[in-house]
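Here the structure is laid out as structure tokens; the discussion comes afterwards.
The values are calculated or read from the model by the stated rules, or taken from the named source; none is laboratory data. Computed from a prediction, not measured in an experiment: that's the story for all the values here. Counting neighbours? That spans all protein chains shown, and the Cβs are built from the backbone with ideal geometry, glycine included. Side chains are part of the model used for accessible areas, which takes the heavy atoms of the whole protein and leaves out ligands, DNA and RNA. Shrake-Rupley method; radii C 1.70, N 1.55, O 1.52, S 1.80 Å.
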Amino acid sequence: MRLFLLVFALFAAGCDTETAKNIAEVTSPEIKKIYNWKMVTTWPKNLPGLGTSPERMAKKIEQMSNGRLKIKVYGAGEIVPAMEVFETVSQGTVQLGHGASYYWKGKVPVAQFFTAVPFGLTAQEMNGWLLHGGGLELWRELYDRYNLFPIPGGNTGVQMAGWFNKEITSLEDIKGLKMRIPGLGGEVFEAAGGTAVRMAASEIFTSMQTGVIDATEWVGPYNDLSLGLHKTAKYYYYPGWQEAGPTLEVIVNKDAWNSLPADLQAILETASLAANTDMLAEYTARNNFSLRELLDQGVELRPLPQDVLDVFREISYKLISEIPSADDELSQRIYESYNEYRKGVIGYHQISERAFINVRGDGE
Ligand code: CA
């Protein structure tokens, strides 16, 4: 009755129908409903950047929704182990997940294109493909099979090739080397003669110190410094050929997504896209500060030799072309879309980003 009177009063005051409708919606029972959601992540709780970014995102969502969408964020292992995030959200045990699509390559090989493939796209290029180049529509079509709705949710930018306990002067030095390097990068490393070891972040430091592995990649100066990797190896190699701009994902259970009113969907999507950009900004600023600190502590910075990079690149392109499956038309469309975009943007960035970076000097 009060609502009727309010709407009536607004009409009487000359308020247009659209405004009256909006006010009626604001007072509807659906709008008053509070959603208490959980988000499981593939990151150790509060890991700088990767882990803190979803926490900030959850806080913003609660503020923007005026407390109607509350999200509690869990680190890896708190509810489920990191590698079970996809299944858990897919089944609807929890509503949200934060991680990286290439972790699910055993189940969905073509999903790797939505994080990173070796010698692939930079962060800026990934954003272009996903948000304005058709990539996100394909990602959503793919994840619909698993009752999931993906949103880009972060990016570390170009990573580092990693830490080595000896100098790498040619491809010969890769032979027999035991390196922690996951995913397709690891397959490339093995095909080039090395031994790829997969292990969680928590095991890397000790494994390097005890000589279980000779080398490791992790992220970049910001995260590597906090993990103390400079205390385990002297040589720090670049560039991160294996991950040039990995996009992280926010995954929403499709039934949970559909249960949200349109405004909360928009808030969730926008907050996730804001986190996507904000994380890249955080890594860009922090990597820069952390690299200086590492150099002050005596770390030896080295580029990977050209022959090593040439062989890695050749193997990478071959393995990437084998990802789409002949009996899955969608996987071929994803590969074609990615590859066409990649070729075009490489050409464009030769005369824009690269040309500019080459001429601006070394900052002195
Ligand atoms: Ca990495």
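Looking at this structure, is L47 assigned to a helix (DSSP H, G or I) and modelled with pLDDT under 95?
Spelling it out, it is not the case that L47 is assigned to a helix (DSSP H, G or I) and modelled with pLDDT under 95.
Take the residues in the range 21-44 that are of a type in the set (A, V, I, L, M, F, W, C) and in a helix (DSSP H, G or I); name whichever of them is modelled with the highest pLDDT. Spell out how you get there, then give the answer.
Initial filter on the range 21-44 (of a type in the set (A, V, I, L, M, F, W, C)): 23-24, 26, 31, 34, 37, 39-40, 43.
Going one step further and asking which of them are in a helix (DSSP H, G or I), we end up with 23-24, 26, 31.
On the way: I23: 60, A24: 59, V26: 60, I31: 67.
The qualifying residue modelled with the highest pLDDT is I31.
Which of the residues spanning the range 310-325 are open to solvent by 70 Å² or more (accessible area, probe 1.4 Å) and part of a helix (DSSP H, G or I)?
Selection gives R313, E314, Y317, K318.
Which one of G193, G162 is within 21 Å of L319 (Cβ to Cβ) and under 19 Å from the mean Cα position of the chain (by Cα)?
Working: G193 fails: under 19 Å from the mean Cα position of the chain (by Cα).
From the options G193, G162, the qualifying one is G162.
Mind telling me which of the residues Y143, Y74, Y102 ends up being crowded, with 22+ Cβ neighbours inside 10 Å and either farther than 28 Å from A233 by Cα or in contact with a Cys (Cβ under 7 Å, 6 or more places away or on another chain) (or both)? Working first, answer last.
Values: Y74 fails: crowded, with 22+ Cβ neighbours inside 10 Å; Y102 fails: either farther than 28 Å from A233 by Cα or in contact with a Cys (Cβ under 7 Å, 6 or more places away or on another chain) (or both).
Just one listed residue meets the conditions, Y143.
Hey, which of the strands (runs of 3 or more DSSP E) in the range 177-290, taking only ones fully inside, have at least 2 residues that are within 16 Å of the ligand (Cβ to nearest atom) and of a type in the set (S, T, Y)?
Values: elements: 178-180, 195-197, 235-238, 247-253.
Here the list reads 235-238.
This table checks each residue for (1) loosely packed, with under 13 Cβ neighbours inside 10 Å; (2) out of contact with any Pro (no Cβ under 7 Å at 6 or more places or on another chain).
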site	(1), (2)
V308	no, yes
D327	yes, yes
L330	no, yes
Y335	no, no
G344	no, yes
E353	no, yes
F356	yes, yes
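Somewhere in the range 208-217, is a residue out of contact with any Leu (no Cβ under 6 Å at 6 or more places or on another chain), hydrophobic (A, V, I, L, M, F, W, C) and surrounded by fewer than 19 Cβ atoms within 10 Å (Cβ to Cβ)?
Yes, the range 208-217 has at least one match.
Which of the residues spanning the range 58-68 are in contact with a strand residue (DSSP E or B) (Cβ under 8 Å, 6 or more places away or on another chain) and within 17 Å of A274 (Cα to Cα)? Even if it seems obvious, please write down each step before you answer.
So in the range 58-68, the residues in contact with a strand residue (DSSP E or B) (Cβ under 8 Å, 6 or more places away or on another chain) come out as 58, 61-62, 68.
Passing the criteria: A58, I61, E62.
Only residues that are part of a loop (DSSP other than H, G, I, E, B) and of a type in the set (G, A, S): list them for the range 82-139, please. So that I can check it myself, show each step before the final result.
First, the residues of the range 82-139 that are part of a loop (DSSP other than H, G, I, E, B): 92-95, 100, 105-108, 115-122, 133-134.
Hits for the range 82-139 are G92, A100, G106, A116, G120, G133, G134.
If you go through the range 166-176, how many residues are surrounded by fewer than 16 Cβ atoms within 10 Å (Cβ to Cβ) and part of a loop (DSSP other than H, G, I, E, B)?
Within the range 166-176, the subset surrounded by fewer than 16 Cβ atoms within 10 Å (Cβ to Cβ) is 166-167, 169-170, 172, 175-176.
Still in the list and also part of a loop (DSSP other than H, G, I, E, B): 166-167, 169-170, 175-176.
So the count comes out to 6.
If I go through the range 152-165 residue by residue, how many of them are crowded, with 22+ Cβ neighbours inside 10 Å, touching a helix residue (DSSP H, G or I) at 6+ places or on another chain (Cβ under 8 Å) and among the aliphatic types (A, V, I, L, M)? Break it down into steps so the answer makes sense when it comes.
Step one: list which residues in the range 152-165 are crowded, with 22+ Cβ neighbours inside 10 Å, which gives 152-157, 159-164.
The next check asks that each one be touching a helix residue (DSSP H, G or I) at 6+ places or on another chain (Cβ under 8 Å); those that pass are 152-157, 160, 163.
Okay, now just the ones that are also among the aliphatic types (A, V, I, L, M), so 160.
Result for the range 152-165: 1.
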